[in-house]
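> What follows is a single structure, and I will ask about it in a moment.
The values are calculated or read from the model by the stated rules, or taken from the named source; none is laboratory data. As the structure is a computational prediction, the values presented were derived from the model and not from experiment. As a convention, Cβ positions derive from the backbone with ideal geometry for all residues, glycine included, and neighbour counts pool all protein chains shown.
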Amino acid sequence: MKCAYTCFPESEGEYISIRTKYGLAKARAKGVLLGRPRGSKNSNGTRFDPFIAEIKNYIKMKIPVSSILKIINTKMKKNVSYTALKYFIDNNSL
């Protein structure tokens with residue numbers, strides 16, 4: 001009886017995975033491009049947009065990215081990672 005409760009969710013998860021993989025393979029075979037287009041940006045902007053001028057000033061003052069992150073995180077509702085800030089700086093020519 002115990003197997004009935006544990007085996008069913010596992011097998012259902014496998015079926016979902018198989019159906020998803022099949023659907024993705026079928027779409028690729030038709031030539032459909034999957035995922036977000038390269039270079040597309042969020043329509044709302046990024047979480048760093050209100051701080052662009054401030055980040056530029058810190059970079060001009062040669063403050064390390066880790067220190068900039070600490071300053072910016074104190075002003076945000078939710079903390080962001082070092083990687084996110086570094087990516088933002090590198091991809092926005094700051």
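> Select from segment 27-57 the residues that are more than 21 Å from Leu85 (Cβ to Cβ), of a type outside the set (Lys, Arg) and surrounded by 11 or more Cβ atoms within 10 Å (Cβ to Cβ) and list them in ascending order.
If the condition is that a residue be more than 21 Å from Leu85 (Cβ to Cβ), of a type outside the set (Lys, Arg) and surrounded by 11 or more Cβ atoms within 10 Å (Cβ to Cβ), then Ala27 is the only one that fits.
> Going through Leu69, Leu94, Leu85 one at a time, which residue ends up being touching a residue at least 12 places away in the same chain (Cβ under 8 Å), among the hydrophobic types (A, V, I, L, M, F, W, C) and assigned to a loop (DSSP other than H, G, I, E, B)?
Exactly one residue qualifies, and that residue is Leu94.
> Ok, one more. Output yes when any residue across segment 33-52 is on the phi > 0 side of the Ramachandran plot and modelled with pLDDT of 90 or more, and no when none is.
There is no residue in segment 33-52 that is on the phi > 0 side of the Ramachandran plot and modelled with pLDDT of 90 or more.
> So, Tyr58, is that one within 20 Å of the chain's Cα centre (by Cα), at pLDDT 85 or above and among the aromatic types (Phe, Trp, Tyr) or not?
no
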